[in-house]
1. Could you please give the count of residues in the stretch 48-69 that are without any contact (Cβ under 8 Å) to a residue 12 or more places away in the chain and of a type in the set (A, V, I, L, M, F, W, C)?
2. Six or more apart or on different chains, Cβ atoms under 6 Å: show the pairs whose first residue is in the stretch 75-99 and touching a residue at least 60 places away in the same chain (Cβ under 8 Å) and whose second is exposed (fewer than 12 other Cβ atoms within 10 Å of the Cβ) and among the hydrophobic types (A, V, I, L, M, F, W, C).
3. Consider residue 12 carefully, then state whether it is among the hydroxyl-bearing types (Ser, Thr, Tyr) and touching a Gly at 6+ places or on another chain (Cβ under 8 Å).
4. List every residue pair whose Cβ atoms sit under 7 Å apart, with the two residues 6 or more apart in sequence or on different chains, where the first one lies in the stretch 1-16 and is surrounded by 10 or more Cβ atoms within 10 Å (Cβ to Cβ) and the second, anywhere, is among the charged types (D, E, K, R).
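Values in this text are rule-based calculations from the coordinates and carry no lab data. Predicted model only: the values in this text are computed from it and were never measured. Neighbour counts are summed over all protein chains in view; Cβ atoms, including those assigned to glycine, are modelled from backbone coordinates with ideal geometry.
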Amino acid sequence: MLQCTAVTAVRTPHGGFGHPMCELGEEHEGEHAEFCWDDDATGGAVWFRWSALGGRFVLLPACEVTGGAYGDACTLFRNHPAAHAWNVVDPTLEAVRQELERQFPELLREPGPGRPGPGPEREPGPEWG
């Protein structure tokens with residue numbers, strides 16, 4: 001599932017502007033959400049939530065679900081709408097990843113559909129530092 005492309009502008013406490021971008025899956029229900037920072041005291045995180053009516057910072061507990069291809073923890077908040085984080089693909093980052101894989105197939109960690117396996121190991125040359 002592609003990532004929601006919603007973005008908004010928010011005045012920061014220092015008088016500047018930020019531009020939160022939604023991290024949820026596209027066509028989710030309810031408010032948009034962007035992670036801001038972890039709150040170690042509660043085990044949750046501060047998120048900026050917004051809709052057409054405005055936005056606010058909220059402390060939300062972490063999603064406790066693990067899964068995906070590598071058993072990753074979901075990086076979203078508990079009871080989030082739409083898919084878990086490992087199923088949400090940022091279209092810009094995905095395009096960059098695909099281009100890097102095309103240009104540098106030897107850097108692939110493991111083979112996948114349409115992707116060759118790692119290339120032969122190379123000895124560090126003078127260009128490596």
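1. Taking the stretch 48-69 first, the residues without any contact (Cβ under 8 Å) to a residue 12 or more places away in the chain are 52-54, 56, 66.
From what is left, the residues that are of a type in the set (A, V, I, L, M, F, W, C) are 52-53.
Here the count works out to 2.
2. none
3. Working: among the hydroxyl-bearing types (Ser, Thr, Tyr): yes; touching a Gly at 6+ places or on another chain (Cβ under 8 Å): yes.
Judged against the criteria, residue 12 is a match.
4. Close Cβ pairs (under 7 Å, with a partner that is among the charged types (D, E, K, R)) amount to 1/26; 2/26; 3/23; 3/26; 3/90; 4/26.
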